[in-house]
Every structure is written in structure tokens, then in C-alpha cells.
Amino acid sequence: AYMVQVGGGPLVGELTGATAEHLVSRGREWGTVTGRRRRVGWFDAPMVRRAIAVEGITELVLTNLDVLAGLDEVQVITGYRVGGRTVDAYPVRLRDAAAATPVLERLPGWPEQDWTEVAHRGAAALPAAARRYIDRLAALLDVEIIAAGVGPDRRDTVPLSETSLLSEK
């Protein structure tokens, strides 16, 4: 539901401050081997669109939706400003990606929930703002999001598609 990166290189929507600390602490974003803090950022729709096109992805599972709970708003990168231009595709050249600034769309956040109960009750129990977030990402990516993870365990996966194998859990 947000971006995570280990090590260097461009992370266009990288967050700092209170929002970054929220994601790192709630999402337990620490390297398992090194113990280093992972870098976090807003969901990068153009980067994910590139991965979808290159890899032939037809469905996605969105993880860590619960980590965003408690934020007043969430944001999504819909494009970039690079060299005085606004583009909606991830830059091909590394130097352009490193120089890019994100074009952000703001969406309302959602309150904390009993996520185990949400997972047990299913998609209808997701907060309305969380469902709008998922729907917006699916529209930006032009791919179906078939499930949403709302906790660390497999049973914390909420099927969103009638045809998902996860619906049979």
C-alpha cells in the first residue's frame, strides 16, 4: 500500500518526518539481516505500471493496508516533474528518476480498525476510505487488485475478487 526500499537509489516519493516514522514503526520496516531502517514512500503508480507492463502482471495483491490506518490523508504518486515537464511514466534514465519530484494525489485516510475482525468479515468490513484508496490504485494501474493484506498473517488477507483463489480461505 506504500513503497519500501532498502539501500540507495531513487525513491521519488520518499517520506521523512512523522509520516515516515508512522509507516516504519507500524510496518516494522527494518532489515531482517542488517537491522537497518528501510526507506518508505507513497505508492508510486507510474513505477508499478512499468512493472505491470514489463512483467505481464494481470492481478495484484495490495499488502500493508493496515499500516496506513490512522493517517489523516494518504497520497499516491500519479506522475513526476522532470526537467520542467510533467510526465506520467516512470523515467527511463536513472538520473531523471533521481531528479524527479512526485506529482501527488491526496486521498482521505481511515481510522484504526480491529484488522483481525476486518479480515474475518471480508471486503465489506474495510473502511470506506480504504476501499476508495484500493479502487483508485486499481484505476491508476488498470489492473485488478484481488486482495488486500491487513496484517502480518496469511489469514489477514481480505479477498476483493469473487474469482480470487483467496476467496476460498
Revision key, fill the gap. Residue set 119, 69, 123, 130; condition touching a Lys or Arg at 6+ places or on another chain (Cβ under 7 Å) and either closer than 19 Å to residue 157 by Cβ or not hydrophobic (A, V, I, L, M, F, W, C) (or both); output residue 119
Revision key, fill the gap. Flagged pairs (Cβ under 9 angstrom, 6 or more apart or on separate chains; first in the stretch 83-101, assigned to a helix (DSSP H, G or I); second among the small types (Gly, Ala, Ser)) are 94/9; 96/83; 97/9; 98/9; 99/83
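Conditions tested, residue by residue: (1) open to solvent by 30 Å² or more (accessible area, probe 1.4 Å); (2) modelled with pLDDT under 90; (3) farther than 28 Å from residue 160 by Cβ.
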| position | (1), (2), (3) |
| --- | --- |
| 9 | yes, yes, yes |
| 37 | yes, no, yes |
| 49 | yes, no, no |
| 68 | no, no, no |
| 82 | no, no, yes |
| 86 | yes, no, yes |
Review point. Of the residues 74, 48, 54, which single one is over 17 Å from residue 136 (Cβ atoms) and either in contact with a Gly (Cβ under 8 Å, 6 or more places away or on another chain) or outside any loop (DSSP other than H, G, I, E, B) (or both)?
Key: 54
Review point. Taking the stated definitions as given, is residue 29 in contact with a Lys or Arg (Cβ under 6 Å, 6 or more places away or on another chain), free of Cβ contacts under 8 Å to residues at least 40 places away in the same chain and under 16 Å from residue 137 (Cβ atoms)?
Key: no
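The values are calculated or read from the model by the stated rules, or taken from the named source; none is laboratory data. On a predicted model such as this, the values are computed, not experimentally measured, just so you know. We place every Cβ from the backbone using ideal geometry, glycine too, and count neighbours over all the protein chains shown. These area figures cover heavy atoms from the full protein model, side chains too; ligands, DNA and RNA do not enter into them. Shrake-Rupley method; radii C 1.70, N 1.55, O 1.52, S 1.80 Å.
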